[in-house]
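One structure is given below, encoded as structure tokens.
The values are calculated or read from the model by the stated rules, or taken from the named source; none is laboratory data. Model, not experiment: these values are computed from the prediction. Every residue, glycine as well, gets a Cβ built from its backbone with ideal geometry; the counts of neighbours run over all protein chains shown.
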């Protein structure tokens, strides 16, 4: 098969056609790891927002954003990545309100007394007042600069951007309100959808290819019941997925954890194109997922970034990498590519870690994964 461009490779995976090799990228990499490979330090505003904002205030926003863009593309070129995960850049003096962790955090809980449902109602009022609006356009500088710099470097990497507004995380007030005051919980998720749709609209106008939706609601077991998930979250995530599809982009549902009790709702009920943050250690087996949903869903993952990449030996990591890549190509169905050829299914999988590559991941372990991938596809290994 003729060598594909990164965009062709990713688009084949998303449309369930056989690419020349499995597309690869890294979801999130902490700068403490990344700077080892590019030979210079940089700040990641998703991890170090206060430091990054201080730098942007001192250096100027455009200079800070361009420096970030150059570091991210240096990493992508070093590893040969086929796509990028990029969040909007913060802007000094603006509320970082696309960040769901901040948006549901204590800043919107106006008092500690009262019941969970009273606090949730008050939070909903503050979200309605402060957050139902478009982001400042300066938040999207990173995407404009990425396009410019990719053009300069001769790159064309599809971009995945986040609109994760429907997660639970450790929000105990929200979990209790689902049971005690369903109306207030429904209002919360409706507002989350309104916020998400504003951001999705901006992404689609920028030509963003993949948009992450949903949000965490599970660990080793689910944090809420299947009934609550189906009642409150599925219809709202479905609205986002349908809107993304109407705009010609792809939706990717994301959560850690064991979600087998609601897997059909999470994938088919939500109407999404992909599944990200596939949690191997929580029991989300890619072989089984591909067997059940391989003809409909693109899977992004699922190297375990905790126990495997942090604590396993390089030999074990190489073995797990090969198993994931084999699982990603495991279905056999008839499909047609652009040349009209029919044959073995090879799409529907994009290789990445299940979540963030933190400083706890030894460099030699990460490179064991990288080189196992390269060996499988007869690419030049990195040292």
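Counting the residues of the range 152-168 that are in contact (Cβ under 8 Å) with a residue 60 or more places away in the chain and in contact with a strand residue (DSSP E or B) (Cβ under 9 Å, 6 or more places away or on another chain) gives 11.
Is one or more of the residues making up the range 63-79 over 21 Å from residue 158 (Cα atoms), surrounded by fewer than 20 Cβ atoms within 10 Å (Cβ to Cβ) and modelled with pLDDT of 95 or more? The answer is yes, given that some residue of the range 63-79 is over 21 Å from residue 158 (Cα atoms), surrounded by fewer than 20 Cβ atoms within 10 Å (Cβ to Cβ) and modelled with pLDDT of 95 or more. With the condition kept exactly as written, say whether any residue in the range 295-303 is modelled with pLDDT of 90 or more and surrounded by fewer than 16 Cβ atoms within 10 Å (Cβ to Cβ). Looking through the range 295-303, at least one residue is modelled with pLDDT of 90 or more and surrounded by fewer than 16 Cβ atoms within 10 Å (Cβ to Cβ). The residue list 91, 65, 10 contains one member that is touching a helix residue (DSSP H, G or I) at 6+ places or on another chain (Cβ under 8 Å) and assigned to a helix (DSSP H, G or I), which is 65. Out of all the residues in the range 212-222, which are in a loop (DSSP other than H, G, I, E, B) and surrounded by 20 or more Cβ atoms within 10 Å (Cβ to Cβ)? Those that are in a loop (DSSP other than H, G, I, E, B) and surrounded by 20 or more Cβ atoms within 10 Å (Cβ to Cβ): 215, 216, 217. Looking across the range 254-278, the residues that are touching a helix residue (DSSP H, G or I) at 6+ places or on another chain (Cβ under 6 Å) and in contact (Cβ under 8 Å) with a residue 40 or more places away in the chain come down to 257, 258, 259, 262, 270, 272. Out of all the residues in the range 360-381, which are farther than 21 Å from residue 328 by Cβ and surrounded by 13 or more Cβ atoms within 10 Å (Cβ to Cβ)? Once the filter is applied, which keeps residues that are farther than 21 Å from residue 328 by Cβ and surrounded by 13 or more Cβ atoms within 10 Å (Cβ to Cβ), the range 360-381 yields 360, 361, 362.
Take the conditions (1) surrounded by 17 or more Cβ atoms within 10 Å (Cβ to Cβ); (2) farther than 21 Å from residue 240 by Cα; residue 172 misses just one of them, which is (1). Just one residue in the set 103, 56, 121 is modelled with pLDDT under 95, under 21 Å from residue 142 (Cβ atoms), surrounded by 14 or more Cβ atoms within 10 Å (Cβ to Cβ) and more than 24 Å from the chain's Cα centre (by Cα); that residue is 56.
Might you check whether a residue that is closer than 27 Å to residue 248 by Cβ, modelled with pLDDT of 90 or more and either in contact with a helix residue (DSSP H, G or I) (Cβ under 8 Å, 6 or more places away or on another chain) or surrounded by 16 or more Cβ atoms within 10 Å (Cβ to Cβ) (or both) occurs anywhere in the range 124-138? Within the range 124-138 (the criterion being closer than 27 Å to residue 248 by Cβ, modelled with pLDDT of 90 or more and either in contact with a helix residue (DSSP H, G or I) (Cβ under 8 Å, 6 or more places away or on another chain) or surrounded by 16 or more Cβ atoms within 10 Å (Cβ to Cβ) (or both)), the answer is yes, since at least one residue qualifies.
Do we have any residue at all in the range 139-150 that's touching a strand residue (DSSP E or B) at 6+ places or on another chain (Cβ under 8 Å) and either on the phi < 0 side of the Ramachandran plot or at pLDDT 90 or above (or both)? Looking through the range 139-150, at least one residue is touching a strand residue (DSSP E or B) at 6+ places or on another chain (Cβ under 8 Å) and either on the phi < 0 side of the Ramachandran plot or at pLDDT 90 or above (or both). Whether any residue in the range 320-343 is within 22 Å of residue 258 (Cβ to Cβ), over 22 Å from the mean Cα position of the chain (by Cα) and modelled with pLDDT under 95 is what I want to check. Scanning the range 320-343 turns up at least one residue that is within 22 Å of residue 258 (Cβ to Cβ), over 22 Å from the mean Cα position of the chain (by Cα) and modelled with pLDDT under 95.
Evaluating residue 46 against the criteria (1) not assigned by TED's automatic domain parsing to the domain that holds residue 302; (2) not in a loop (DSSP other than H, G, I, E, B) leaves one unmet condition, (2).
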